[in-house]
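Notes follow once the structure below has been shown.
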Amino acid sequence: ATDKMETDTDSKKDMTSKDYYFDSYSHFGIHEEMLKDEVRTSQYRRAIEHNRQNIEGKVVLDIGCGTGILSLFCAQVGAKAVYAIDCSEIADYAKLIVKENKYDHVITVIKGKVEEITLPVDKVDVIVSEWMGYFLFYESMLDTVIYSRDKWLKPGGVMLPDYLTLNLVGIEDAEYKNEKLNFWDNVYGFSMKCIKDVAIQEPLVDVVEAQQVCTDVRLLRECKVPEYSVEDCTFTCPFELTAKRNDYIHALVAYFDTFFTTGHKPTKFSTGPEHQQTHWKQTVFYLDHEITICEGEKLTGTLACKPNATNRRDLDITITYEHNGKWQQTKGSMEYKMR
């Protein structure tokens, strides 16, 4: 046991940030959180049920299967075969879960990286995956889904989900910004502004209350999964937000909506502030100063996003903004790092 512990410790030392991504999904806690996310799990189940005609008697590929819950849903509606792939240690438990529920004659769990494994079939009819990350693209498996689609999905095959949108709103958030960021301006009489300068570059993943939203919603980016490319993961999108009331904008907030359009009855779920909360919450980008805005006035700008050069699961994001209002005229540019 001691030798194994030393070996495990040594292997941990050699892990890269990519390895930590896979290792984090080995632990039960994160799977418990996702399974208890009622919006996520129930809407995937509903989408699979509404796609019964596309799944029954067909071959399904589940990418990043985790505990195997989506594979089990597919088996329930009559899939001929399901190949469930996961790179982390949870795959070992997925095999036990599949066997425990007597679906091991339908579901085959394969442990390994999608890019390195071999499927026992040449093509699949359906790809299902819960690949989305915070801000839709952070730590997501979209690259892997695209690789799998191009390699294994039959022409005209079904992808679940098949369409997603990334959206943006402006919020008033003076209290939290003061508590978490402006705090560093005066710490027991000392300036620690250097920490504030770093902290503001890290987007906050948290729950935003609906009443904080003070602008309309703008669609930033569409992701049509059947035709999305790796190159599309680098993008620059303009935005124009219109104030719904006289207020102050302290941050911009991004969230995504997920659509399943291929079934008998299309389904969707939203991770927005005005909907039931999910484990994705929302992604908050604090601005360097507050913007005074009147009802009907506009905040315009661009959001540029690209995968980090060292680790594609991380993101480098730049937001530029400009406001020419009754009480304030301002513009700026902010750099953010999702790590």
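The values are calculated or read from the model by the stated rules, or taken from the named source; none is laboratory data. For clarity, every value in this text was computed on a predicted model and none was experimentally measured. Neighbour counts run over all protein chains shown; Cβ positions are idealised from the backbone, glycine included. The area values use the complete protein model at the heavy-atom level, side chains included, leaving out ligands, DNA and RNA. Shrake-Rupley method; radii C 1.70, N 1.55, O 1.52, S 1.80 Å.
Taking the stated definitions as given, is Lys281 free of Cβ contacts under 8 Å to residues at least 40 places away in the same chain and in contact with a Phe, Trp or Tyr (Cβ under 8 Å, 6 or more places away or on another chain)? Before you say what the answer is, go through the steps one by one.
Numbers: free of Cβ contacts under 8 Å to residues at least 40 places away in the same chain: no; in contact with a Phe, Trp or Tyr (Cβ under 8 Å, 6 or more places away or on another chain): yes.
The answer is no for Lys281.
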Every residue from region 48-94 that is assigned to a strand (DSSP E or B) and either open to solvent by less than 20 Å² (accessible area, probe 1.4 Å) or touching a residue at least 60 places away in the same chain (Cβ under 8 Å) (or both):
Val59, Val60, Leu61, Asp62, Ile63, Ala79, Ala81, Val82, Ala84, Ile85, Asp86
Given the condition surrounded by fewer than 15 Cβ atoms within 10 Å (Cβ to Cβ), within 18 Å of the chain's Cα centre (by Cα), of a type outside the set (Ser, Thr, Tyr) and in a helix (DSSP H, G or I), answer yes or no: does some residue in region 190-204 qualify?
no
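Which members of region 270-299 meet the condition of being surrounded by fewer than 19 Cβ atoms within 10 Å (Cβ to Cβ) and either more than 25 Å from the chain's Cα centre (by Cα) or of a type outside the set (S, T, N, Q) (or both)? Before the answer, list the steps.
At the first step, the residues of region 270-299 found to be surrounded by fewer than 19 Cβ atoms within 10 Å (Cβ to Cβ) are 270, 274-277, 279, 281, 288-290, 292, 294-296, 298.
Passing the criteria: Glu274, His275, His279, Lys281, Asp288, His289, Glu290, Thr292, Cys294, Glu295, Gly296, Lys298.
Any residue in region 310-328 that is more than 15 Å from Tyr134 (Cα to Cα), at pLDDT below 95 and within 19 Å of the chain's Cα centre (by Cα)?
Let us first name the residues in region 310-328 that are more than 15 Å from Tyr134 (Cα to Cα), namely 310-311, 318-328.
Subsequent filtering for residues that are at pLDDT below 95 retains 310-311.
From what is left, the residues that are within 19 Å of the chain's Cα centre (by Cα) are 311.
The answer is yes; a qualifying residue exists.
For region 114-125, how many residues meet the condition of being in contact (Cβ under 8 Å) with a residue 40 or more places away in the chain, open to solvent by 20 Å² or more (accessible area, probe 1.4 Å) and assigned to a loop (DSSP other than H, G, I, E, B)? Before the answer, list the steps.
Residues of region 114-125 that are in contact (Cβ under 8 Å) with a residue 40 or more places away in the chain, as a first pass: 114, 119, 121, 123-125.
In the following step, the residues that additionally are open to solvent by 20 Å² or more (accessible area, probe 1.4 Å) were identified as 121, 123, 125.
Subsequent filtering for residues that are assigned to a loop (DSSP other than H, G, I, E, B) retains 121, 123.
The qualifying residues number 2.
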Anything in region 208-223 that is assigned to a loop (DSSP other than H, G, I, E, B), in contact with a strand residue (DSSP E or B) (Cβ under 7 Å, 6 or more places away or on another chain) and under 15 Å from Gln282 (Cα atoms)? List them, or say none.
Val208, Val217
Within region 126-179, the count of residues that are part of a helix (DSSP H, G or I) and either open to solvent by 20 Å² or more (accessible area, probe 1.4 Å) or without any contact (Cβ under 8 Å) to a residue 40 or more places away in the chain (or both) comes to 10
Can you pull out the residues in region 234-268 that are out of contact with any helix residue (DSSP H, G or I) (no Cβ under 7 Å at 6 or more places or on another chain), open to solvent by 10 Å² or more (accessible area, probe 1.4 Å) and β-branched (Val, Ile, Thr)?
Thr234, Thr236, Thr242, Thr261
